[in-house]
Amino acid sequence: MDTHSRSLIKTATWRVTATFTTFVIAWALTGSLTMGLGIAGIEFWAKIVLYYLHERIWNSTRWGTK
């Protein structure tokens, strides 16, 4: 079972990777650096909370483990 600290570090490193990808896509689609940063900023905070909760829920279930 992962510790809370491990889940937080995994969350942070994934969030940086995923948010950078969102930023690049938003910037490419809109042509606006400001819009790309705005979309990525909103996405960052919303998904960091959801990912952490998702990890903790999966970590608390024994389904699929041996």
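Please treat every number below as a calculation from the coordinates, not as lab data. Note that the structure is predicted; figures quoted are calculated from it, not measured. Note that we place each Cβ from the backbone using ideal geometry, even for glycine, and neighbour counts take in every protein chain shown.
Points to keep in mind about this one:
- Listed residues Gly64, Ser7, Phe44: farthest to the positive end of the dipole of the chain (Cβ charges): Gly64
- A cut-off of 5 Å between modelled amide H atoms, ignoring neighbours fewer than 5 places along the same chain, links Asp2 with no other residue.
- Residue-wise HN-Hα coupling along segment 49-63, computed from phi with Karplus coefficients 6.51, -1.76, 1.60 (Hz; x: Gly, Pro): 5, 5, 5, 4, 4, 4, 4, 5, 5, 5, 5, 8, 9, 9, 4
- Where (1) 3, 18, 26, 25, 18, 6, 3, 1, 0; (2) 4, 18, 33, 30, 13, 2; (3) 3, 18, 22, 17, 13, 11, 8, 5, 2, 0 are the candidate values, the label of the one calculated here for P(r) over Cα pairs in 5 Å bins from 0, in percent is (3).
- C-alpha long axis of helix 4-30 to longest principal axis of the chain, angle in °: 20 degrees
- Label sites at Trp45 and Lys66, each approximated as a point 7 angstrom past Cα along Cα to Cβ, lie 4.4 nm apart.
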